[in-house]
Structures are given as structure tokens and as C-alpha cells.
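Working notes, beginning with the structure itself.
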Amino acid sequence: MGAQLRVYKRRIKSVTATKKITRAMEMIAASRIIKAQRRVAASEPYATELTRAVTAVAGGSATSHPLLTEAEQPKRAAVLLITSDRGLAGGYNSNAIKAAEQLNERLTAEGKEIVSFIVGSKGVAYYGFRDRPVKESFTGFTDNPTYADAKTVAASLIEAVQQETAEGGVDELHIVYTEFVSMMTQTPVRDRMLPLTLDGDQATEAAGGKGVLPLYDFEPSAEDVLDALLPRYVESRVYNALLQAAASKHAATRRAMKSATDNAEELIKSLTRLANAARQADITQEISEIVGGASALADANAGSDR
């Protein structure tokens, strides 16, 4: 066997092993997408009704709650960026980071200082490599987030919003995550969570598109009700965003691993053709050497006969 043929056989063996790994990762990601979709669907009714309740309470009272009041001259804005803890997901993380960068540029152009909160090791690594300040980071749960994880993240955000700007607080709260649209489509989303917007079509959409909002009597007061509801509202929004991001990450991983598997199959076919060509060349060379040797031997025998 020629040296070139041995090289091709080693590469075929290596690519075949890689193909088995990517195929297994594709199947694992596909199974996780189904679970993630179910969790997203299960969380949506709660988030919708809670948003509807907050909208109704805030819109039906004359309160000026700090989480609803728009600052006259907002100076600082918190941005929560949701990425993943693991890679091998194609452009999932880079697209979310790009969306956050665009949001940061817009807020900076408006004269607002950015306070960054990061979910996921990939986002933390991106900011750390560029020496960018991060107020707080959260890692270790992006593949399978729970409501407790959302509460932990939301607690830091609510604390920043409730704190005075002069003491390090923020006037606005934005979130950047990847929305799961379908198995093939995942879209980076930039939303402002607080102050809550209650005008026009946005209020109707926040209320679930159900038309007229209910009227409430408040006991002891609208401010106390909002104090209890708004943290839950932030938690539900963060939780839904974490679930959407998890489903999107699994879909991106499945797509990336399928592409890797297909590429491995094409590479194996190409290497197999090259190996066959190398084998044929070795056989042809051996036949030529045998024929040449036989011809030389025949010539030598003919010369000795004379």
C-alpha cells in the first residue's frame, strides 16, 4: 500500500469518527428543541395574563410608580444580553451580540450610559476579551433555565431600576435575546422592558390583544399592587426570554451539526474517490513494474541465447 493511500485512509477514518459525533449532537439537540418548545408554550399564558394585569392596573390608576414613570432626561440604561454557555451553535451567539452592539450604539448616541448585564459564558467571554465593564453576569443554566434562574437575574435588574441614578441606578431596562420562530428561523430581539409603555397599540398587544382591559379596585393602594406585580412582570419576561433563547440555541445547534454531518459525508465521498484513484495508481505502477521486469528478463534471456 502506498504512502498516499495510507494518508487518505487515516483521514477517512478520522472524518467518519467526527461524523458520528456531529450526528449524535444533532439528534440530542433535536430532542431538546421539543422540550424547550413545550416549556415556552407553557410559560406564555402566565406571561400574557400577568402583562395584561399590570397593564390594566397601571392604565386604570393615576399612580406615578417609579417602574412606570419615564425619566425626563434618562442618563443610564441597563441592557440584559442573553447568550449561551456553549458553542457549536453556528451564528446564534454572534447574532445576539451584534444586536446588543447595535442597541448599545443607539443608546450611546442618545447620550445614555450603558450598564451591561450578561447571561451566558459566550457573552461574558466576548465582553471580557474586550475589557468592557459588566455590572453582573450569570452562567451555567442557559441550556435548561428555570424560573429560579429568572428570579435571580430579574432581582439584579429590578434593584438597578429602583436605585437612584445618582447612586448607580438606571432609568431604562432593555433586553436582547433570540426569539424562537421556527426550527429554521431564530431572530434576535431588542425590547425595552421598563419603563412599561402603556400607549396605543403597544398596550393592546401587551394585554394579549383582548380588547377592553378589566377595571380594578385597589386595596390597600395601586402603588402597593404595582410593587407586587411589576417584579413578577420582569421575572416572567426574563423567564420567557431565557426559554426562547434556549430553544433557539438548540435549533441553531441542530442546524449547525446537520451541516457538519452533511459536510463530513461529502468529504468522505471525496476522500474515498481520491483513495480509489491512489489505489488504482499503485496497481497500475505495480503492473508496469512487473511488465517492465518481465520484458527486461526476456531481453536478457534472448541475449544469452545468442
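The values are calculated or read from the model by the stated rules, or taken from the named source; none is laboratory data. Remember, it's a predicted structure, so these values are computed and weren't measured experimentally. Every residue, glycine among them, receives a Cβ derived from its backbone with ideal geometry; neighbour counts consider all protein chains shown.
Things to note:
- Selected residue [part of a helix (DSSP H, G or I), modelled with pLDDT of 90 or more and more than 30 Å from residue 126 (Cα to Cα)] from 9, 13: 13
- Among residues of segment 272-292 that are in the same structural domain as residue 9 (by TED's automatic domain parsing) and within 11 Å of residue 9 (Cα to Cα), none has a Cβ under 6 angstrom from a residue that is in a helix (DSSP H, G or I) and of a type in the set (D, E, K, R) at a sequence gap of 6+ or on a separate chain.
For (1) modelled with pLDDT under 95; (2) in a helix (DSSP H, G or I); (3) in contact with a Phe, Trp or Tyr (Cβ under 6 Å, 6 or more places away or on another chain); (4) not aliphatic (A, V, I, L, M), each residue gets a yes or a no:
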residue: 69; (1), (2), (3), (4): yes, no, no, yes
residue: 77; (1), (2), (3), (4): yes, no, no, no
residue: 107; (1), (2), (3), (4): yes, yes, no, no
residue: 114; (1), (2), (3), (4): yes, no, no, no
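- Hits in segment 29-47 (condition: of a type in the set (A, V, I, L, M) and loosely packed, with under 12 Cβ neighbours inside 10 Å): 34, 41, 42
- Residue match in segment 181-193 (condition: at pLDDT 90 or above, in a strand (DSSP E or B), of a type in the set (A, V, I, L, M, F, W, C) and more than 25 Å from residue 69 (Cα to Cα)): no
- Meets criteria (more than 19 Å from residue 112 (Cβ to Cβ) and basic (Lys, Arg)) for residue 135: no
- Residue in segment 99-120 that is closer than 25 Å to residue 34 by Cβ, surrounded by fewer than 20 Cβ atoms within 10 Å (Cβ to Cβ) and not basic (Lys, Arg) present: no
- Close pairs from segment 152-165: first assigned by TED's automatic domain parsing to the domain that holds residue 70, partner of a type in the set (Phe, Trp, Tyr) and surrounded by 15 or more Cβ atoms within 10 Å (Cβ to Cβ), Cβ under 6 Å, at least 6 apart: 153/138
- Of the residues in segment 63-85, none is under 29 Å from residue 253 (Cα atoms), free of Cβ contacts under 8 Å to residues at least 40 places away in the same chain and exposed (fewer than 14 other Cβ atoms within 10 Å of the Cβ).
- Only one of 94, 43 that is in the same structural domain as residue 172 (by TED's automatic domain parsing), under 15 Å from the mean Cα position of the chain (by Cα), among the hydroxyl-bearing types (Ser, Thr, Tyr) and in a helix (DSSP H, G or I): 94
- Selection count where residues are buried (at least 20 other Cβ atoms within 10 Å of the Cβ) and not in a helix (DSSP H, G or I), scope segment 127-163: 3
- Residues in segment 72-103 that are hydroxyl-bearing (Ser, Thr, Tyr) and touching a helix residue (DSSP H, G or I) at 6+ places or on another chain (Cβ under 6 Å) were compared, and the one that is nearest to residue 234 (Cα to Cα) is 83.
- Residue match in segment 234-246 (condition: part of a helix (DSSP H, G or I), in contact with an Asp or Glu (Cβ under 9 Å, 6 or more places away or on another chain), modelled with pLDDT of 80 or more and polar (S, T, N, Q)): yes
- In the set 32, 11, only one residue is among the charged types (D, E, K, R) and over 16 Å from residue 249 (Cα atoms); that residue is 11.
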